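The values are calculated or read from the model by the stated rules, or taken from the named source; none is laboratory data. In this text, all values refer to a predicted model and were calculated from it rather than measured experimentally. Note: ideal-geometry Cβ built from the backbone for every residue, glycine included; neighbour counts use all protein chains shown. Just the protein is used for accessible areas: all its heavy atoms, side chains included, with ligands, DNA and RNA removed. Shrake-Rupley method; radii C 1.70, N 1.55, O 1.52, S 1.80 Å.
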Amino acid sequence: MAKAVHMKAEEMNTVFGEGMQAMRMNYYPPCPQPELVTGLYPHSDAVGLTILLQVNEIEGLQIKKYGAWIPVVPLPNAFVINTGDILEIVTNGIYRSIEHRATGNSKKERLSIATFFNPNIDGDLGPAPSLVTPDSPAKFKRISFFDYMKGLFSRELDGKSYLDTMRI
């Protein structure tokens, strides 16, 4: 991924080389009136990369594109890969995190398993130096990963609002 954006590989390795991985299993029970509830509020993942398996292939994941919510149709045995806010920060906005949400289904339960790839907890976050030039100045602040997570968990899920606080 670093090579594709002309970023030095060692810069990506410094951020993610000793990173953490977390996993979450989601269960969305059938809901007789799914239009009245939100399975998971709109947000972007505050990580580097998310790998998602839509276990029972029930539709419910949606991404926001050009202001509209688009369903992500599950494919058998396929993973959904989302770039997260941290990857957007590190690549100075070249890779964009994706705002998404989960909706309910009136007839069937939905199951998903997500794994989240995070940077080293002792590291700093900010645009990679090799991607910051006079023609492409830094678009995000530099902050420790610890402070980034502390700020994130002090807020509610609300679209990409936390990422927006990191912008210069």
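On the given criteria, is Ile81 under 13 Å from the mean Cα position of the chain (by Cα), open to solvent by 30 Å² or more (accessible area, probe 1.4 Å) and farther than 21 Å from Gly19 by Cα? Here the answer is no, as Ile81 does not meet what is asked.
Given the options Pro134, Pro127, name the one that is open to solvent by 60 Å² or more (accessible area, probe 1.4 Å) and under 24 Å from Met1 (Cα atoms).
Values: Pro127 fails: open to solvent by 60 Å² or more (accessible area, probe 1.4 Å).
Answer to the check: Pro134.
Every condition in (1) in contact (Cβ under 8 Å) with a residue 60 or more places away in the chain; (2) open to solvent by less than 40 Å² (accessible area, probe 1.4 Å) is met by Val72 except one, and the failing one is (1). Contact map, region 84-107: first residue touching a residue at least 60 places away in the same chain (Cβ under 8 Å) and surrounded by 18 or more Cβ atoms within 10 Å (Cβ to Cβ), second residue of a type in the set (D, E, K, R) and assigned to a loop (DSSP other than H, G, I, E, B), Cβ cut-off under 7 Å, separation 6 or more or different chains; pairs are Asp85/Asp45; Glu88/Arg96; Ser97/Asp45; Ser97/Lys160; Glu99/Lys160. Considering the conditions (1) within 13 Å of the chain's Cα centre (by Cα); (2) closer than 20 Å to Asn13 by Cα, Ala114 is excluded by exactly one of them, (2).
When region 114-124 is filtered for residues that are among the acidic types (Asp, Glu) and either closer than 19 Å to Asp164 by Cα or open to solvent by less than 10 Å² (accessible area, probe 1.4 Å) (or both), only Asp124 remains. Of all the listed residues (Leu40, Leu111), the sole one being open to solvent by 30 Å² or more (accessible area, probe 1.4 Å), closer than 21 Å to Tyr162 by Cα and either in contact with a His (Cβ under 8 Å, 6 or more places away or on another chain) or not small (Gly, Ala, Ser) (or both) is Leu40. Provide a single number: the residues in region 47-62 that are open to solvent by 40 Å² or more (accessible area, probe 1.4 Å), without any contact (Cβ under 8 Å) to a residue 60 or more places away in the chain and either closer than 26 Å to Gly17 by Cα or in contact with a strand residue (DSSP E or B) (Cβ under 7 Å, 6 or more places away or on another chain) (or both). Counting residues in region 47-62 that are open to solvent by 40 Å² or more (accessible area, probe 1.4 Å), without any contact (Cβ under 8 Å) to a residue 60 or more places away in the chain and either closer than 26 Å to Gly17 by Cα or in contact with a strand residue (DSSP E or B) (Cβ under 7 Å, 6 or more places away or on another chain) (or both) gives 3.
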